[in-house]
Each structure stands twice: as structure tokens, then as C-alpha cells.
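Asker: First, the structure itself, so that you have it in front of you.
Taken together, the values in this text are just the output of simple stated rules run on the coordinates, not laboratory data. What you see is a predicted model; the values in this text were computed from it and never measured. All Cβ positions, even for glycine, are placed from backbone atoms using ideal geometry, and neighbour counts span all protein chains on display.
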Amino acid sequence: MKHALKINTLLIILLFFLSGCKKETCYYCKNYDLDNIDTQLENYKTSFYLCEIDDLWDEIIWQDNDYNEGGQLTFIDYDVYIVGFRAIENPDIDGDGILNENDNDIDGDGVINQNDYTITGFQDNTVQELILCTSNSLVIN
Ligand SMILES: [Ca+2]
Ligand SMILES: [Ca+2]
């Protein structure tokens, strides 16, 4: 009886630790337009908190920090940041500063959307985004 009690106690302790490990990890992140990135990482688009259970987390192609060391983005400290990429639709296709959702001529060809057979033009409208995250919000601020 005493033995069974000890095993139960051990199981409870084990369960407690296992559930503790499942706690989601959240990061402080900033996203950058890959075509318009500066080595000082100052011209980010937005900053946000991102947790591993968020849907957005799965949309991002996360880089293997060990594998990418000394890769193309050498100005990024892979010891500090978790690095990911994401392809998104360009929110301002003609680049006139008016977002597509408010732009009456999305592709900027002079033909307003309601008369334009190719509202978004013929170009590839995806934008590559770089996403940098850190668990230490002081570093990235
Ligand atoms: Ca526009
Ligand atoms: Ca147009």
C-alpha cells in the first residue's frame, strides 16, 4: 500500500512536469520587407507577439539557425534571433501608398478596378517577408 502511494505521488509529479513543458513559448517579433531591408534592421513594418500555437507560426518557414550560420543574411545575429520567412500578398500592388482594399485602381494602370479586367495586374504580387523573433523583448526594441 505504501509502495502504491509512492508510485502515485511520483506519477503526479511527473505529470506536473510534463504539463509544464507543454507551456507555449511566445516571442517578440518584427517583420521586414525583404526587398527593402537595411542592415541595421530599423525599417521594420510591424512588431508583434507571436506564440508557437498561433496560426501565423505555421505560415512562417523558420530557418534552422545552425544550418544558416554565415548564410546570405550575415548582418543577422542568429544567436539572438529566431529567423523566418513568409510570402504574403502585396498589400499595395502599385506602390502608391493606398492599400489595395482602399485603392480604386489597384494595379495603377489608369483603369479603375470596376472597368479593369486584370484588377491586380499581371505581375507576381507576393512579397517576401523576413521575420525576426526573440524571447528577449529588450534586445529587439
Ligand atoms: Ca495602391
Ligand atoms: Ca487598374
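Asker: Summing Lys, Arg as +1 and Asp, Glu as -1, what charge do residues with Cβ under 15 Å from the Cβ of Lys30 carry, Lys30 excluded?
Answerer: -3
Asker: Which of the peptides 124-134, 53-63 is most tightly packed, and how do the rest follow, judged by the mean count of other Cβ atoms within 10 Å per residue?
Answerer: Final packing ranking: 124-134, 53-63.
Asker: Another question about this same structure. Leu132: net charge of surrounding residues, Cβ under 11 Å, Lys/Arg +1, Asp/Glu -1, itself excluded?
Answerer: Computed value for this residue: -1.
Asker: Lys and Arg at +1, Asp and Glu at -1: add these up for the other residues within a Cβ distance under 10 Å of Val83 and post the number.
Answerer: -2
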